[in-house]
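Visitor: Below is a structure I'd like to ask you about.
The values are calculated or read from the model by the stated rules, or taken from the named source; none is laboratory data. What you see is a predicted model, and the numbers here were worked out from it, not measured in a lab. Neighbour counts are summed over all protein chains in view; Cβ atoms, including those assigned to glycine, are modelled from backbone coordinates with ideal geometry. For the accessible areas, the whole protein counts, side chains as well, though only heavy atoms, and no ligand, DNA or RNA atoms are used. Shrake-Rupley method; radii C 1.70, N 1.55, O 1.52, S 1.80 Å.
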Amino acid sequence: MTRSTSPTAADRARQIAPVLKALSDENRLTILLAVADRASSVTELTATTGLSQTLVSHHLKALRENGLVAVTPVGRRNVYSLCCDAVAEPIALLSTLAGAGAGDTPTTSRPSRSTP
């Protein structure tokens, strides 16, 4: 009989690290926030972000490889959007935190932790 074990914290960290690395680049985060607002083509993202087409495409590749954006072919172009609600919720939270001024308290509450 095989016993299923839960992933350790180190296992989970190894899975999460590449996604956080993808999010740590300001240009990638800019693109992700733009597609969170509205699904867009590379041309639209270039206009929205001010980044070159080559740079937008480069960063979209990293976001796709980490499962953060989905691509849908529409005619002769690709339209990029957030992959899923699992990404939309943290992106909305990050936007809220970024919008809070220095000294402001974010509007979300943190669950209390009990100590053993």
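Visitor: State whether the residues of region 2-24 include one that is open to solvent by less than 60 Å² (accessible area, probe 1.4 Å) and assigned to a loop (DSSP other than H, G, I, E, B).
Guide: no
Visitor: I'd like to verify a number: residues in region 59-80 that are surrounded by fewer than 19 Cβ atoms within 10 Å (Cβ to Cβ) and touching a helix residue (DSSP H, G or I) at 6+ places or on another chain (Cβ under 9 Å), how many?
Guide: 9
Visitor: I want to confirm something. Restricting to region 81-116 and keeping residues that are at pLDDT 85 or above and in a loop (DSSP other than H, G, I, E, B), which single residue is surrounded by the most Cβ atoms within 10 Å (Cβ to Cβ)?
Guide: Among those residues, the one meeting the criterion is CYS83.
Visitor: Give the residues of region 74-96 that are under 18 Å from LEU45 (Cβ atoms) and of a type outside the set (Ser, Thr, Tyr), sorted by residue number.
Guide: If the condition is that a residue be under 18 Å from LEU45 (Cβ atoms) and of a type outside the set (Ser, Thr, Tyr), then VAL74, GLY75, ARG76, ARG77, ASN78, VAL79, LEU82, CYS83, VAL87, ALA88, ILE91 are the ones that fit.
Visitor: List every residue pair whose Cβ atoms sit under 6 Å apart, with the two residues 6 or more apart in sequence or on different chains, where the first one lies in region 25-49 and is touching a residue at least 12 places away in the same chain (Cβ under 8 Å) and the second, anywhere, is open to solvent by 40 Å² or more (accessible area, probe 1.4 Å) and not in a helix (DSSP H, G or I).
Guide: Sorted first by the residue in region 25-49, then by its partner, the pairs are SER41/ARG77.
Visitor: Restricting to region 28-49, give me the number of residues that are over 17 Å from the mean Cα position of the chain (by Cα), charged (D, E, K, R) and open to solvent by 60 Å² or more (accessible area, probe 1.4 Å).
Guide: Within region 28-49, residues that are over 17 Å from the mean Cα position of the chain (by Cα), charged (D, E, K, R) and open to solvent by 60 Å² or more (accessible area, probe 1.4 Å) number 0.
Visitor: Of the residues ARG64, ARG12, ARG38, ARG76, which single one is of a type in the set (Lys, Arg) and under 17 Å from SER95 (Cα atoms)?
Guide: The conditions single out ARG38.
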